[in-house]
Amino acid sequence: MMTKNNLIKARTSSALETEIRLRQPLPTDGAALHRLIAECPPLDANSLYCNLLHCTHFATTSVAAELDGQLVGFVSGYLVPSTPQTVFVWQVAVSPLVRKRGLAQRMLHELLQRPACRDAEFLHTSVTPDNHASKALFSSLARDLSCAIQESIWFDSTRHFAGAHADEILLQIGQLPPRATRMAIQPVTASH
Ligand SMILES: CC(C)(COP(=O)(O)OP(=O)(O)OC[C@H]1O[C@@H](n2cnc3c(N)ncnc32)[C@H](O)[C@@H]1OP(=O)(O)O)[C@@H](O)C(=O)NCCC(=O)NCCS
């Protein structure tokens with residue numbers, strides 16, 4: 001007999017696209033988010049309290065993905081306080097059960113279509129040099145939006161992390177098309 005997880009894996013990408021619901025996070029998602037992040041190395045685990053802040057104070061710029069009542073994806077983001085026309089994507093997490101089916105890409109497009117991001121001109125994120133999946137994800141977002149993507153070292157392994165963490169490379173995507181245009185763009189990866 002197939003387990004619940006194998007049944008999820010067996011679903012087609014187009015079935016998952018219909019069945020996975022994207023929504024704004026709720027405070028009650030905090031514990032599930034904490035568990036999801038733990039399933040998604042190399043993401044840094046943070047305190048449950050920190051995850052709760054993302055589900056409350058930063059809910060309008062964060063996206064939860066739910067399948068059969070289970071949290072299977074999350075994007076945490078915020079508008080940079082000093083430059084609110086920049087939306088910063090902090091973590092993107094997709095459950096191993098539903099990876100490579102276009103979910104991360106769908107969540108990023110959903111974020112950029114939110115009313116809170118109506119004035120966003122740039123998307124910033126940071127990646128470690130060895131996170132090829134993350135680089136591929138943001139390159140495909142830039143491609144879909146027909147935007148330039150620029151890289152620079154942001155937090156240096158030695159100077160900022162005292163050698164305890166790899167460099168964090170800042171990726172800048174933009175200038176973003178206006179929100180009305182973004183609303184009409186469909187992620188290409190959804191058909192995997
Ligand atoms: C990275 C991650 C979020 C991707 O989620 P996903 O739902 O599988 O990604 P998508 O299916 O939307 O794919 C988006 C693009 O990235 C590419 N991609 C996804 N995973 C990849 C991998 N492991 N290696 C290379 N490319 C990958 C896809 O091919 C696609 O590119 P395309 O449009 O050119 O075909 C997921 O693997 C994950 O949660 N990893 C652990 C946490 C992490 O590293 N998060 C990112 C840093 S914040």
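The values are calculated or read from the model by the stated rules, or taken from the named source; none is laboratory data. Every value quoted in this text rests on a predicted model; they were computed, and no experiment measured them. For accessibility, only protein heavy atoms count, side chains too; no ligands or nucleic acids. Shrake-Rupley method; radii C 1.70, N 1.55, O 1.52, S 1.80 Å.
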Average accessible surface area per residue within the stretch 72-192, 1.4 Å rolling probe, Å²: 48
Whenever you get a sec, line up Glu168, Glu17, Glu151 from highest to lowest accessible area (probe 1.4 Å, protein heavy atoms). Glu151, Glu17, Glu168
MRE, 222 nm, helices only [DSSP H, n ≥ 4, -39500 (n - 2.57), over the chain, to nearest 500]: -9000 deg cm²/dmol
Most fluctuating residue of Thr158, Thr28, Thr12 in a GNM of the chain with Cα springs under 10 Å: which is it? Thr158
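For the chain, what is Rg from Cα atoms divided by 2.2 N^0.38 Å, rounded to two decimals?
On the way: Rg = 16.3 Å, N = 192, 2.2 N^0.38 = 16.2 Å.
With N residues counted in the chain, Rg over 2.2 N^0.38 Å equals 1.01.
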Got the relative contact order for the stretch 26-177 handy, in percent, Cα pairs under 8 Å and 6 or more residues apart? 18
Note to self: C-alpha centroids of the stretch 72-102 and the stretch 117-171 sit apart, in Å, by 12
Using a 1.4 angstrom probe on heavy atoms only, work out the carbon and sulfur share of the accessible area of the chain in %. 56
Among the lysines, which have Cα under 22 Å from the Cα of Lys135 when same-chain residues fewer than 8 positions away are ignored? Lys100
If I build a Gaussian network model for the chain, linking alpha-carbon pairs within less than 10 angstrom, which residue out of Pro177, Pro81, Pro115 has the largest mean-square fluctuation? Pro81
